[in-house]
Amino acid sequence: MSASSGSSDSSMAATSSDATSFGSTSSGATSSEVMEMNEAAWTPFYGASLTAEGRVRFRLWAPSAQRVDLECEGMAPQPMNPMAEGDFELELDYPPQAAYRYRVFVEGDDDGMPVPDPASKALRGGVDGLTCVVDPNRYTWRHDEWTGRPWEETVIYEVHLGACGGIDGLRRRLPELVELGVTAIELMPLAECPGERNWGYDGVQPYAVAAYYGTPEALKALIDDVHGHGLMIFLDVVYNHFGPDGNFLAHYAKAFFRDDLQTPWGDAIDFRRPQVRRFFIDNALMWLLEYRFDGLRFDAVHAISERDFLVELGQTLRERVGSTRHCHLMLENEHNQASLLDPTLFDAQWADDWHNTMHVLLTGEREGYYADFAEHTTEKLATALGEGFIYQGQPSRKGEARGEPSGHLPPTSFIDFLQNHDQIGNRALGERLSRLAEPDALDAATLMLLLSPAIPLLFMGDEWGSTQPFLFFTDHRDALADAVREGRRREFAEFSAFEDPAQRERIPDPNALATFEASHLDEASTPAQHRYQTRFRHWLELRHRHIVPGLKGCSTAGSRVLGDKAVQGQWRLGNGQVLTVAINLASQPVSVIPPGKPLACSRDGAVDLVEGGQLPALTSVVWLQPMDGISGEPIA
């Protein structure tokens, strides 16, 4: 991990930051005594924290440093006390509204290097700027009674905060999201990144809210408003790597990284170290306890080498948060580790297998990772419906065994989606399915997504069939900007559409402001989009009214292939009903045995054909019947 070249001995002129710096405290205590005690008993081990006596305690892990000084505005440099295992600590009276940094001295460096606190909660001047001390009790919560919602009620709406207008833009959308039937907003990462815009996965300050989004208090106010609308809010966090610019840990904490294990982003983080584990577990606790997020999505945990760290993470968060309110924990995990999907650990995993299979069926694309789903695709979709994971130990196209058996898991252990930030933004031109798939086929897939028992995830704009691209964007500078731009274009050289170098030049520059602006969420503007929105609301209303009440205790009853590109899945709901979903993405009808009158059909006018035993092309249908009302046995 490279350190930014932007660090310097620039003067530290005092600048007031009323919303983020430590000053007078308010009585932001919760009305729930249990929650109040739980939050009051916890504070991050590293970083700057307010003591019971009103002083500030600073703590840094710097095992490669021989000496560390605290440099605070308005004060002479203060040498920190070396403690055991490479920790440095200092407690002192602290000037209100002042900011600070550390100066670390390693062997052979007489001048020391000025660095921000890696556990900064707010920064002034970017990723290599000064750290502001944040009082966690400064914000007064208005919805102290909020304890979240059960997992079975979850319908996730993924958002990039900047691309939907920032905090104020998302706040304006809350009433329409409630009306739509969404129950949880998931924010892409908010950690401080270089520049003024980023997807968030280049974060180098995992404790700090990116300054271009606002202050910690502004984020808490948004979360408060979300809760006031009866919605949950989740946060995507990145614990598998740091971004390429602005991370200084390798200079003074070489043990933070492994030199014997590489990831796509450089040396792997060493989760064998208790200090490293504490750093990230405390970060998760901060978002859940101090900011009151209702859950976290952990990015690409397959790049975390130590499985037992994930176990410790899940168990600790359950113990500290789950006793006071609902706490939902989600994974992205290419390893398909079903053993991590347990009520004592993690609720669910993003179902890439389901998405990739549906994408191949909807678009015919077979390159890149879609190659693993290009053969026997219909059978793979049947497996995904019945068992969650498709890869349960079989070798992938790379020859590596992937996955663990998952058929025993409840359907709610999987988060299904037709699109998300990755599946749109990692395309060269950021096209949505609304530009890639037949409209009737996309309708059929959407109905299956919304009325199957897995947890559905939507990407912002899905609900009206937005055609606005969502591109990959960053704000790197100089040589790093050139490397990111050219690296992205090289990445697509193996795709047939971009074999020609001239075609690769069409791929937008991630660092251009125009790329970010082109990704801003639009509004439903045409009659067709408004009709689509109305249909979305209706289908989600059916989900909440008919499907959600039976999701607790739901189990699969099997799945089967009906024909080429046509499958049927069936589930026993916990309230004694049987849910059946069939989809036909072929160009010809297939035979189907209707178990009764359909609850919903993706195509108007197709119900009579379905009741007559024919599932038309590009159509899906849903039935919900009492267990004893089903003709024939559940699917074997």
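The values are calculated or read from the model by the stated rules, or taken from the named source; none is laboratory data. Quantities reported herein were computed from a predicted structural model and do not represent experimental measurements. Note that we place each Cβ from the backbone using ideal geometry, even for glycine, and neighbour counts take in every protein chain shown. Ligands, DNA and RNA are excluded from the accessible area calculation, which covers all protein heavy atoms including side chains. Shrake-Rupley method; radii C 1.70, N 1.55, O 1.52, S 1.80 Å.
For region 66-114, with all protein chains present and a 1.4 Å probe, just round the carbon and sulfur fraction of the accessible area to a whole percent. Walk me through the numbers before you get to the answer.
On the way: 1110 of 2460 Å².
Carbon with sulfur: 45 percent of the solvent-accessible area.
Between helix 274-285 and the chain, what is the angle of the helix's C-alpha long axis to the longest principal axis, kept within 0 to 90° and rounded to the nearest 10?
Approximately 60 degrees, to the nearest ten.
Leaving ligands, DNA and RNA out of it, rank 607, 621 by accessible area with a 1.4 Å probe, largest first.
Accessible-area ranking of 607, 621, largest first: 607, 621.
How large is the dipole of region 240-347 about the Cα centre if only Lys and Arg carry +1 and Asp and Glu carry -1, each at its Cβ, rounded to the nearest 20 debye?
Once rounded to the nearest 20, the dipole reads 340 debye.
For residue 328, which sequence-distant residues (separation of 5 or more, or a different chain) have an amide H within less than 5 Å of its own amide H, given hydrogens modelled in the peptide plane?
When sequence neighbours closer than 5 places are left aside, the close amide H contacts are 295, 296.
Would you mind calculating the gained length between residue 500 and residue 591 on full extension (0.36 nm times residue separation, minus the Cα-Cα distance), in nm to one decimal? Write out the running numbers ahead of the final one.
Details: separation 91, 0.36 × 91 = 32.76 nm, distance 4.48 nm.
In short, 28.3 nm is gained.
Evaluate the charge dipole of the chain about its Cα centre and quote only its size in Debye, nearest 20, assuming +1 on the Cβ of each Lys and Arg and -1 on the Cβ of each Asp and Glu.
Using only the charged Cβ atoms, the result is roughly 1200 debye.
How many percent of the accessible area of region 477-519 is carbon or sulfur, using a 1.4 Å probe? Show your work: numbers first, answer last.
Numbers: 1300 of 2570 Å².
C and S fraction of accessible area: 51 percent.
Once the dipole of region 565-632 is set up with Lys and Arg at +1 and Asp and Glu at -1 on Cβ about the Cα centre, which of 626, 574, 607 lies farthest towards its positive end?
Farthest along the dipole direction, towards plus: 574.
Give the separation of the Cα centroids, region 138-193 to region 473-542, in Å.
Using only Cα atoms to place each centre, the spacing works out to 23 Å.
Which listed residue (536, 81, 335) has the Cα farthest towards the positive end of the charge dipole for the chain, taking +1 on Lys and Arg C-beta and -1 on Asp and Glu C-beta about the Cα centre?
536
Under 19 Å from a label point 7 Å along Cα→Cβ of residue 178: give me every residue in region 197-232 with its amide N that close.
220-232
Quick check for you: which residues of region 279-311 have the amide N under 18 Å from the point 7 Å beyond the Cα of residue 147 toward its beta carbon?
In region 279-311, the label zone of residue 147 (backbone N under 18 Å from the point 7 Å along Cα→Cβ) covers 289, 292-295.
Got a sec to turn the phi values of region 359-369 into Karplus ³J(HN,Hα) couplings, 6.51 cos²θ - 1.76 cosθ + 1.60 with θ = phi - 60°, whole Hz, x for Gly and Pro?
5, 4, 5, 7, 10, x, 5, 9, 9, x, 6
Averaged per residue, what accessible surface does region 57-163 expose to a 1.4 Å probe, in Å²?
So region 57-163 comes to 37 Å² accessible per residue, rounded to a whole number.
For the chain, take the longest principal axis of its alpha carbons; what is the angle in degrees between that and the long axis of helix 216-228, to the nearest 10 within 0 to 90?
Value to nearest ten degrees: 30.
Among 536-542, 380-386, how do they line up from the highest to the lowest mean number of other beta-carbon atoms within 10 Å?
Working: 536-542: 17.6, 380-386: 24.3.
Taking the mean over residues of other Cβ atoms within 10 Å, the ranking is 380-386, 536-542.
Say each of residue 431 and residue 319 gets a label point 7 Å from the Cα, pointing the same way as Cα to Cβ; how far apart are those two points in nm?
Each label point is offset 7 Å from its Cα along the Cβ direction, giving 5.1 nm.
Determine the sum of side-chain charges near residue 488: Lys and Arg each +1, Asp and Glu each -1, restricted to other residues whose C-beta is under 10 angstrom from that of residue 488. Don't skip to the answer; put the middle values down first.
Numbers: positive: 485, 489, 490, 504; negative: 486, 491, 509.
That works out to +1.
What does a probe at residue 371 reach in region 455-497, counting residues whose amide N is under 12 Å from the point 7 Å along Cα→Cβ?
The answer is 494-496, whose backbone nitrogens lie closer than 12 Å to the label point.
Over region 425-502, give the accessible area per residue in Å² for a 1.4 Å probe, as an integer.
37 Å²
Find out how many positive minus negative residues lie around residue 237, taking Lys and Arg as positive, Asp and Glu as negative, among other residues whose Cβ is under 9 Å from that of residue 237.
Values: positive: 297; negative: 236, 299.
Taking every Cβ under 9 Å from that of residue 237, the sum is -1.
How much accessible area per residue does region 505-634 have, in Å², with a 1.4 Å probe?
For region 505-634, the solvent-accessible area averages 46 Å² per residue.
Tally up the carbon and sulfur contribution to the accessible surface of region 152-248 as a whole percent, 1.4 Å probe, everything protein left in place.
On the way: 960 of 1940 Å².
That share works out to 50 percent.
With unit charges on the beta carbons (Lys and Arg positive, Asp and Glu negative) and the dipole taken about the Cα centre of region 293-407, which residue among 300, 348, 377 sits farthest to the positive side?
With unit charges placed on the Cβ atoms, the residue in question is 348.
Run lengths n ≥ 4 of DSSP H only: what is the helix-derived mean residue ellipticity at 222 nm for the chain, with -39500 (n - 2.57) per run over all residues, to the nearest 500?
The helix-only estimate for the chain comes to -7000 deg cm²/dmol at 222 nm.
Tell me, what HN-Hα J-couplings in whole Hz come from the Karplus equation 6.51 cos²θ - 1.76 cosθ + 1.60 at θ = phi - 60° for each residue of region 73-90, using x for Gly and Pro?
In residue order, the calculated couplings are 4, x, 9, 6, x, 10, x, 8, 7, x, 10, 5, 6, x, 7, 10, 9, 7 Hz.
For region 368-394 and region 228-266, what is the separation of their Cα centres, given in Å?
Going from one Cα centre to the other spans 30 Å.
If you place +1 on the Cβ of every Lys and Arg and -1 on the Cβ of every Asp and Glu, how big does the dipole about the Cα centre of region 87-175 come out, in debye to the nearest 20?
With only Lys, Arg, Asp and Glu charged at Cβ, the dipole is about 820 debye.
Quick one: which of 136-147, 79-90 comes out on top by average Cβ neighbours within 10 Å, and what's the full order, highest first? Kindly include the intermediate steps, with their values, before the conclusion.
Numbers: 136-147: 17.2, 79-90: 15.0.
Those peptides, ordered most packed to least, come out 136-147, 79-90.
Give me the angle, in degrees from 0 to 90, between the Cα long axis of helix 166-180 and the longest principal axis of the Cα atoms of the chain, rounded to the nearest 10.
Taking the Cα atoms of the chain, the angle to 166-180 is about 30 degrees.
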